[in-house]
Structures are given as structure tokens and as C-alpha cells.
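*Asks:* Have a look at this one.
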Amino acid sequence: MDSLAAHFAAPLPTLETERLLLRAFVAGDAAAVHDNLQDDRIARNTLTIPHPYPAGAAEVFIAGHASAWTDGKRATWAVIEREGGALVGAMGLAFNHAHHRAELGYWIAVSRWGRGYASEAGARVIRFGFDVLQLHRIEAHHYPENPSSGRVMQKLGMTHEGFHRAVVWRNGTPKDNVSYAILRSDPRP
Ligand SMILES: CC(C)(COP(=O)(O)OP(=O)(O)OC[C@H]1O[C@@H](n2cnc3c(N)ncnc32)[C@H](O)[C@@H]1OP(=O)(O)O)[C@@H](O)C(=O)NCCC(=O)NCCS
């Protein structure tokens, strides 16, 4: 087994930051996920989260994470406040191993916006991707009407790389994307 395969054979590691714990989702997180994702201010800024968020969707979302990690496709962490233990978001990497890269995706509970949580958790995940998984590049994309996510990408040390017109299809409508990336050799905040 090569060293990368060994990572995916082991459980998803828990990562810590000053205020947050990033751990694997468990079935008991479904109610918190469901409550958070009811808010269209999260759903409309993502590629796949439906609105209204249907009953049972959180369970399906959580159930897929373990095999996605084991198969080396995705790493998805629940973002937990260390003080009080509330689930306040999700942070993930979707891998493209042929090109040693991954796409970073995230959401944070609306009640916790503006506290620096996305930046704090994202920096930890980027460190894991580069230092442990030996990725070469981590990219992220946001809709033009979601500048706070672009600000998170800037705070993560990502470089603005481009504007992609009508690159994704969302709710029957083509949508533009603003793209950022960071290389392993780039300075990190
Ligand atoms: C984007 C999101 C993850 C940010 O989470 P967060 O924990 O509030 O992010 P942070 O506090 O780390 O940073 C947000 C930054 O955006 C800035 N910001 C907020 N509103 C802004 C706006 N309208 N225009 C520009 N910047 C804005 C904040 O001031 C902060 O920057 P600062 O620290 O320099 O002041 C959160 O809003 C979210 O979950 N949105 C919905 C889902 C989503 O967009 N996911 C990402 C898809 S690409």
C-alpha cells in the first residue's frame, strides 16, 4: 500500500484549530445539518444544496461521507465549536489524484458568519491537504454574487485565477464562477 492509500484506509483524521474541531460526520449530526441548511442564504451559494432542504437529505449527505473518504474521492469534516460543541458548518476536499489537486468547499451556519470560522477551518484543511496528503494544488470557486466566499479564499492565501462564464448549471440556470487556487509552494497565511 502506498502512503496515500494508507491515509484513505485509516479513518478521516480529526483536525483542531484554536476555536474549532473538524471531525468526521456522525449520524447524530443530521438534525443540526438539517436545521442549518434550511437557510437559503447557504443553499443558494452552493452548487448542490437544495432549497427547501428536504427531510432525509441530511441523513443521505452524512451517510455518503465514510465511503467517499475510503474510496479516496472526498474528505468532509463537520465543523464543531470547541466551546459548547455546536455543529457550525462543513468543510471538504474533493480529490483529483491524477493531477494531485483538490477542490475546497464549505458552508458555515448563518448564526456564526463573520467570526472568521471559514477562514480558520479552511486554513487547517489546506494544511492537511498539502502537508499530509501531499496535494500540489487546492482550488475553490464562488458565484460572483457571493463575495464573502471570495474574501475567505483571499484570506486562505489563494490567488484569483479567473472568471468562468456559465460554467455550472444551477436550478435550471447557467451560472458564472470566480476561481481561486493555492499551490503547495505558495505562501500560506
Ligand atoms: C462564505 C462563508 C463560508 C463565509 O463564512 P464565515 O465564517 O463568515 O467567513 P469568515 O468570517 O472567515 O470570512 C468572511 C469574510 O468575508 C467578508 N465579507 C462579508 N460580507 C462580505 C461582502 N458582502 N463583500 C465582501 N466581503 C464580505 C467578511 O468581512 C470577512 O472578511 P474579513 O475577515 O476580511 O473582514 C459563509 O458565508 C457561508 O457559509 N455562505 C454560504 C455558503 C457558501 O457560500 N459556501 C461557499 C461556496 S463557494
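*Asks:* Can you name every one of the strands (runs of 3 or more DSSP E) wholly within segment 44-121 that holds 3 or more residues which are within 16 Å of the ligand (Cβ to nearest atom) and of a type outside the set (A, V, I, L, M)? Working first, answer last.
*Replies:* Numbers: elements: 74-81, 87-96, 101-108.
Output list reads 74-81, 101-108.
*Asks:* Among the candidates Asn171, Asn177, which residue alone is open to solvent by 50 Å² or more (accessible area, probe 1.4 Å), farther than 30 Å from Ser3 by Cβ and either more than 8 Å from the ligand (Cβ to nearest atom) or in contact with a Gly (Cβ under 7 Å, 6 or more places away or on another chain) (or both)? First the steps, then the outcome.
*Replies:* Values: Asn177 fails: open to solvent by 50 Å² or more (accessible area, probe 1.4 Å).
One residue alone meets the criteria, Asn171.
*Asks:* Now for a different question. Does Ala94 meet the test of being at pLDDT 95 or above, open to solvent by less than 30 Å² (accessible area, probe 1.4 Å), small (Gly, Ala, Ser) and under 27 Å from Ala9 (Cα atoms)?
*Replies:* Working: at pLDDT 95 or above: yes; open to solvent by less than 30 Å² (accessible area, probe 1.4 Å): no; small (Gly, Ala, Ser): yes; under 27 Å from Ala9 (Cα atoms): yes.
Answer is no for this residue.
*Asks:* Restrict the check to segment 57-67 and report whether at least one residue is polar (S, T, N, Q), modelled with pLDDT of 95 or more and surrounded by 12 or more Cβ atoms within 10 Å (Cβ to Cβ).
*Replies:* Taking segment 57-67 and keeping what is polar (S, T, N, Q), we get 67.
Keeping just the survivors that are modelled with pLDDT of 95 or more gives 67.
Those left that are additionally surrounded by 12 or more Cβ atoms within 10 Å (Cβ to Cβ): none.
No, that holds for no residue.
*Asks:* Would you call Pro13 assigned to a loop (DSSP other than H, G, I, E, B), more than 13 Å from the ligand (Cβ to nearest atom), modelled with pLDDT of 95 or more and under 17 Å from the mean Cα position of the chain (by Cα)?
*Replies:* Numbers: assigned to a loop (DSSP other than H, G, I, E, B): yes; more than 13 Å from the ligand (Cβ to nearest atom): yes; modelled with pLDDT of 95 or more: yes; under 17 Å from the mean Cα position of the chain (by Cα): yes.
Yes: the conditions hold for Pro13.
*Asks:* OK, next. Among the numbered criteria (1) modelled with pLDDT of 95 or more; (2) over 24 Å from Ser148 (Cβ atoms), which one does Ala43 miss?
*Replies:* Looking at each condition in turn, Ala43 falls short on (2).
*Asks:* On to the next question. Can you pull out every residue in segment 124-160 that is surrounded by fewer than 15 Cβ atoms within 10 Å (Cβ to Cβ), charged (D, E, K, R) and away from the ligand (no atom under 12 Å from the Cβ)?
*Replies:* Arg127, Asp131
The values are calculated or read from the model by the stated rules, or taken from the named source; none is laboratory data. Not measured: the values here are computed from a predicted model. Backbone-built Cβ (ideal geometry, glycine too); neighbour counts: all protein chains shown. Only protein heavy atoms, including side chains, enter the accessible area calculation; ligands, DNA and RNA are left aside. Shrake-Rupley method; radii C 1.70, N 1.55, O 1.52, S 1.80 Å.
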